[in-house]
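Peer 1: The structure's right below; bear with me while I get my questions together.
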Amino acid sequence: MTAAAPVFQDSSRPAFIEFAADRREPDAIARLRRAAFDRFETLGLPTRQQEAWRLTDLSALKAMTFQRPADALIDAGALPTLGLPAHRLAFVNGRFAPGLSHLREMPDRALIASLDQALLAYPQWIEPYLDRLPGLAQHPFTALNTAFWEDGAFVHLSRGTVVETPIHLIFHAAGGDSTVYPRLLLVLDEGAQATVVVEYQGTGRYLNAPVTEARLGDGAALHYHQIQQESPQAFHLGGIRLQQGRNSEANLHLLSVGGQLARTDLEALLDGEGASCTLNGLTLARDQQFSDVHVRVDHAQPHGSSQQRFKSVLDGKARTVFDGMIHVRPHAQKTDARQVSRNLLLSRQAQAHSNPRLEILADDVKCGHGSTTGFLDPDAEFYLRARGIPAAQARAILVHAFANDSLNSIRLTPLRERLARLLAADLALDIMEGE
Amino acid sequence: MRAYIVESRRESSIMLEIRNLHATVDGREILNGIDLIVRPGEVHAIMGPNGSGKSTLANVIAGREGYLVTEGAIHFDGKNLLDMAPETRACEGLFLAFQYPVEIPGVANLYFLKAAVNAVRKYRGEPPVDAMDFWDLVHERMELVKMDESMLKRSVNEGFSGGEKKRNEVFQMAVLQPRFAVLDETDSGLDIDALKVVADGVNALRSPERGFLVITHYQRLLDYIVPDHVHVLFNGRIVRSGGKELALELEEQGYALYNEEPGRARRAAA
C-alpha cells in the first residue's frame, strides 16, 4: 500500500475512486482502470532498491503534492507546427483541444481522433488493443496512466491504408503541480502506413506520464517521432509499447531535451517473422538534468532485425542513463540485432551510464553492441582552429555534428531542420548556417 | 628582444622569422635552437631523419597544444606568432597541411571550408563570402587537385584514403589561399601519381607573395616541388643549409652522416 507516501496524491485510492466515478465510459474500460490501479498499488512507486530503477532517483517526484490539472487555455502560437500539411491533434493538460486541432480530409478506412471521443463512438475498435499489448508489466507509471488517462490520440488504419499526411500530436501541460496522463493508441492493420510526430511540452511544474501503444500488423510501417521538450521543472515518465507483425517496419526517433527528470521505458516485441525495428535516440541534458532511456527489444520470431542507436550530449552536472536489452528467443533464428550507445561529455561533472545487455537464446543470429563515452576530440578541435575557426565555434560544430547525426534519418525535412535548430539553441551553439 | 622586433619590422621582406627556437614535448627537449628566415616567394624544405623534430617544428608554428616553447621566438610579418591562438595564426595567413589530417564525422567538407573562409573574412572585418563566389572558387580549386565533387558532401576526411586526405589538405590550402603554408610530410603515404597531383597543386599556388615550408623525410617530393633552400634538421637543430642540390646529396648519402656523430652535433649546439 502507499500509505507511507501520502504526498503523491494520485497514488491514493480515494483519489482514484473519485476520478473513476466521474468517467462515462464502457464497463470494459472501467474494469481496465481498476485493474491497473490495483497493479499500481502492488508495484508502488519505484525505489532505487529495484534493479530497473537503481539509477533513477525519484525522491524529488515523491516529495511533490500533485493534483489533477485544471482546464487551461493556451494560445495557438505556443504550439509547434510541422511546417507541412498535417493531421493535428492538440491536447492541453491531457484534454483534447478541438480549437487548436485540425484534421484534414481523412482517407477511407482511417480514423484519427481523440481517444476519449473514439471510445464513445467505436469502443469495439479500442477495447481489443488498449492495455492489451505486451510489455511494461512492471512499469508503475504505465499502470498509473492506464488508471488515470483522460484523453489522447487514437489512430486506426485499416488494412492497406496509407496515410501520407503526417499525424501531429501535441501535448501541452500548463503546470501548476498537476499530473497528465496522455494515452496514444496506434493500430496499423496489415500493410497500413503512417507517420506520427508526438510532441510533449509545457510550462511550470508537472508530471507527464504518457503511454504510447503501437501495434503494427503484417507489412505495416510506422514512422514515429517523439520530441520530449518538457519545461525545466517537469517530470516526464513515459512508456512505449510496440508490437510488430510479420515484415512490419517500425522507425522510432526519440528526442529528449526537457524536464528535470525524464525517463522513457520502451518495449518492442518483434512478434512476426522478418519484422524490422529501428530506434534512434538522442538525449540532451545539462545543468542538473537527469535523463534516462530503458529499452528492451524482444525478438520472438526468425529473420527479424533491430537497430538501437542512442546518443546523449551532457553538460553541467547532468546525468543520463541508457539501459538497452536485446533479447532473442530460442525460436528467433537469423535475427540481426544491433545496439550502439554513444555519450559525449562536455563537462567533467557530467555522468553518462550505459548498460547494454544481451540475452541470446538462439544460436544462429548476428548480434552486437557497442558503447562509447568521451569528451570532444582535441585533435578535431585543433584541426578546425588551425583553419581559422574560433575555439568556441569549433567545439559547437563538433557537438552539433555528433548530435545532428541522430536526426539525419528523419524524413520530414521541416521537422528535421527545426530539430537541428533546437539542438543548436539548446546547446547554446554558435553555428553558422550550413549548406 | 624588443629592439629585435623593431628591426625585423624594418626588414619588410622577411615573412617568417624563427630565432633560437627551443621547444619541449612532455618535458623532453625536441627543438634545440632553430634559426630560420623565409621571405615571400620562397620555398624552404626541411629534411631530416625520424625524430629530428620536423613535425614538432610544424606543430609549434601552428600552435598546437602540448608543445611548450621554452626559449626563442617566431615572428610572422613582424608579429609575435607565439602569442596568438591557433585560429588567429590561421586568420593572419598561416596554414598547416597536417601530416595526419583528422577525420571529423558529421561535418561536411564544404560546410567546414565555408566556416573557415568566413572565419578568416570575419577576422579581417569582411562580410561573409557570397555563396556564388564561394561555389566558383571551390570548383576552380577542386580541379587544381583533381578532387571529385562528391568529396565536398562527405564528412571531413572520414573514410578518405591516405591520398584523398593529403589532396584534401592541399585543396583547403588552395581555397583558403594562405600567405604562408607549412606542409608537414604531405608526401608520406602517397603513390607517385598522388604525389604529382599534390605537387602540382602546391606549384600552382607558388607566387611572389607566398612562402612555403615543406617538411619531408624523402627527397622525392622535392623533384616535384623544387625548393629554393634546403635545411637539414637533426637533433632539433638545423645542422646544414644549402640550395636544392643539398636534397640530392642527402638522397645519395642518406642521413647516416648525421646519425654517425650525433654527439658532435649536440656538442656543437651547446
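Peer 1: For the stretch B:61-87, what are the residues that are at the interface with another protein chain (Cβ under 9 Å from one of its Cβ atoms), among the aliphatic types (A, V, I, L, M) and buried (at least 20 other Cβ atoms within 10 Å of the Cβ)?
Peer 2: Scanning the stretch B:61-87 gives a single hit, B:Ala62.
Peer 1: Of all residues in the stretch B:102-113, which are crowded, with 22+ Cβ neighbours inside 10 Å and either facing another protein chain (nearest Cβ under 7 Å) or touching a Leu at 6+ places or on another chain (Cβ under 6 Å) (or both)?
Peer 2: Within the stretch B:102-113, B:Ile104, B:Val107, B:Asn109 qualify.
Peer 1: I would also like to ask the following. Step by step: first the residues of the stretch B:30-60, then only those that are over 15 Å from B:Asn20 (Cβ atoms) and within 14 Å of chain A (Cβ to nearest Cβ), then the one that is surrounded by the most Cβ atoms within 10 Å (Cβ to Cβ). Which residue is that?
Peer 2: Only one residue fits best here, namely B:Asn59.
Peer 1: Working only within the stretch B:207-224, note down all residues that are in contact with a strand residue (DSSP E or B) (Cβ under 9 Å, 6 or more places away or on another chain) and either small (Gly, Ala, Ser) or at pLDDT 95 or above (or both).
Peer 2: Residues satisfying the conditions are B:Arg210, B:Gly211, B:Phe212, B:Leu213, B:Val214, B:Ile215.
Peer 1: Quick check on my filter: what residues within the stretch A:394-407 are crowded, with 23+ Cβ neighbours inside 10 Å, within 19 Å of the chain's Cα centre (by Cα) and either hydroxyl-bearing (Ser, Thr, Tyr) or within 7 Å of chain B (Cβ to nearest Cβ) (or both)?
Peer 2: If the condition is that a residue be crowded, with 23+ Cβ neighbours inside 10 Å, within 19 Å of the chain's Cα centre (by Cα) and either hydroxyl-bearing (Ser, Thr, Tyr) or within 7 Å of chain B (Cβ to nearest Cβ) (or both), then A:Ser406 is the only one that fits.
Peer 1: Right, something else. When you scan the stretch B:184-204, do you find a residue that is closer than 30 Å to B:Asn20 by Cα, modelled with pLDDT of 95 or more and crowded, with 19+ Cβ neighbours inside 10 Å, even just one?
Peer 2: Yes, because at least one residue in the stretch B:184-204 is closer than 30 Å to B:Asn20 by Cα, modelled with pLDDT of 95 or more and crowded, with 19+ Cβ neighbours inside 10 Å.
Peer 1: Quick one: how many residues across the stretch B:172-183 are of a type outside the set (Gly, Ala, Ser), open to solvent by less than 10 Å² (accessible area, probe 1.4 Å) and more than 12 Å from chain A (Cβ to nearest Cβ)?
Peer 2: Qualifying residue count for the region: 2.
Peer 1: Select, from A:Gly239, A:Gly274, A:Gly219, A:Gly259, the only residue that is at pLDDT 95 or above, open to solvent by less than 10 Å² (accessible area, probe 1.4 Å) and either assigned to a loop (DSSP other than H, G, I, E, B) or among the charged types (D, E, K, R) (or both).
Peer 2: Exactly one residue qualifies, and that residue is A:Gly259.
Peer 1: Then there is this: Taking the stretch B:151-199, which residues are part of a strand (DSSP E or B) and either β-branched (Val, Ile, Thr) or closer than 22 Å to B:Met47 by Cα (or both)?
Peer 2: Those that are part of a strand (DSSP E or B) and either β-branched (Val, Ile, Thr) or closer than 22 Å to B:Met47 by Cα (or both): B:Val156, B:Phe180, B:Ala181, B:Val182, B:Leu183, B:Asp184.
Peer 1: From B:Pro105, B:Pro86, grab the single residue that is modelled with pLDDT under 95 and touching a helix residue (DSSP H, G or I) at 6+ places or on another chain (Cβ under 9 Å).
Peer 2: B:Pro105
Peer 1: Another question, then. Could you tell me which of the residues B:Ala90, B:Ala119 is of a type in the set (A, V, I, L, M, F, W, C), more than 24 Å from B:Ser188 (Cα to Cα) and open to solvent by less than 30 Å² (accessible area, probe 1.4 Å)?
Peer 2: So the residue among B:Ala90, B:Ala119 that is of a type in the set (A, V, I, L, M, F, W, C), more than 24 Å from B:Ser188 (Cα to Cα) and open to solvent by less than 30 Å² (accessible area, probe 1.4 Å) is B:Ala119.
Peer 1: So, of the residues in the stretch A:355-393 that are facing chain B (nearest Cβ under 7 Å) and basic (Lys, Arg), which turns out to be farthest from the chain's Cα centre (by Cα)?
Peer 2: Top of the filtered list is A:Arg387.
Peer 1: Here's a follow-up. Given the residues A:Val297, A:Val211, which is the only one that is in contact with a helix residue (DSSP H, G or I) (Cβ under 6 Å, 6 or more places away or on another chain) and open to solvent by less than 10 Å² (accessible area, probe 1.4 Å)?
Peer 2: A:Val211
Peer 1: Please enumerate the residues belonging to the stretch A:408-433 that are part of a loop (DSSP other than H, G, I, E, B) and either within 10 Å of chain B (Cβ to nearest Cβ) or open to solvent by less than 20 Å² (accessible area, probe 1.4 Å) (or both).
Peer 2: The answer is A:Asn408, A:Ile410, A:Ile431, A:Met432, A:Glu433.
Peer 1: For the stretch B:122-149, how many residues meet the condition of being within 11 Å of another protein chain (Cβ to nearest Cβ), free of Cβ contacts under 8 Å to residues at least 12 places away in the same chain and either open to solvent by 70 Å² or more (accessible area, probe 1.4 Å) or more than 25 Å from B:Arg167 (Cβ to Cβ) (or both)?
Peer 2: 3
Peer 1: Across the stretch B:200-229, what is the total count of residues that are over 18 Å from B:Phe180 (Cβ atoms), part of a helix (DSSP H, G or I) and touching a Ser or Thr at 6+ places or on another chain (Cβ under 9 Å)?
Peer 2: Residues flagged as over 18 Å from B:Phe180 (Cβ atoms), part of a helix (DSSP H, G or I) and touching a Ser or Thr at 6+ places or on another chain (Cβ under 9 Å) within the stretch B:200-229 amount to 2.
Peer 1: Give just the number: which of (1) touching a His at 6+ places or on another chain (Cβ under 8 Å); (2) at pLDDT below 95 does A:Val187 not satisfy?
Peer 2: Checking A:Val187 against (1) touching a His at 6+ places or on another chain (Cβ under 8 Å); (2) at pLDDT below 95, the one that fails is (2).
The values are calculated or read from the model by the stated rules, or taken from the named source; none is laboratory data. Source: prediction; values computed, not measured. Counting neighbours? That spans all protein chains shown, and the Cβs are built from the backbone with ideal geometry, glycine included. Keep in mind that these areas ignore ligands, DNA and RNA; they rest on the heavy atoms of the full protein, side chains included. Shrake-Rupley method; radii C 1.70, N 1.55, O 1.52, S 1.80 Å.
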